[in-house]
Every structure is written in structure tokens, then in C-alpha cells.
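In what follows, a single structure is set out as C-alpha cells and then discussed.
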Amino acid sequence: MTKNPLRCFKISPEIIQLAVMMYVRFPLSVRNVEDLLHER
């Protein structure tokens, strides 16, 4: 059984994956990604 590397975060893994995907796929800064997730 593999350990979940995201277990120490209080945020759901889906939100973390969405933030990473938005940061990598689109030319957004970390601040822009934070604002988009806050609106969501």
C-alpha cells in the first residue's frame, strides 16, 4: 500500500491537483491561481 504524499494537507487532493494543473498548463502566476481557486 502506497502512502498518500498529500496527507499532511487539510485541503482535498482534488483541489491541490487542480491548482497544479492550472499552474502548469496555463501561463498563470501562483497569485493568479490562488485568486481563481478563491473565487471557486
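The values are calculated or read from the model by the stated rules, or taken from the named source; none is laboratory data. The model shown is predicted, which means the values in this text are computed figures rather than measured ones. The area values use the complete protein model at the heavy-atom level, side chains included, leaving out ligands, DNA and RNA. Shrake-Rupley method; radii C 1.70, N 1.55, O 1.52, S 1.80 Å.
Points worth noting:
- Kirkwood analysis of the Cα pair distances in the chain returns a hydrodynamic radius of 11.1 Å.
- Cut-off under 5 Å, modelled amide H: who pairs with LEU28 long-range: none
- A 1.4 Å probe, protein heavy atoms only, puts the accessible area of ILE16 near 40 Å².
- Compared with the dominant Cα axis of the chain, that is its longest principal axis, helix 13-25 is turned about 40°.
- Applying the Karplus relation 6.51 cos²θ - 1.76 cosθ + 1.60 with θ = phi - 60° to the stretch 29-37 yields 3J(HN,Hα) values of 7, 4, 5, 5, 5, 4, 5, 5, 5 Hz, where x marks Gly and Pro.
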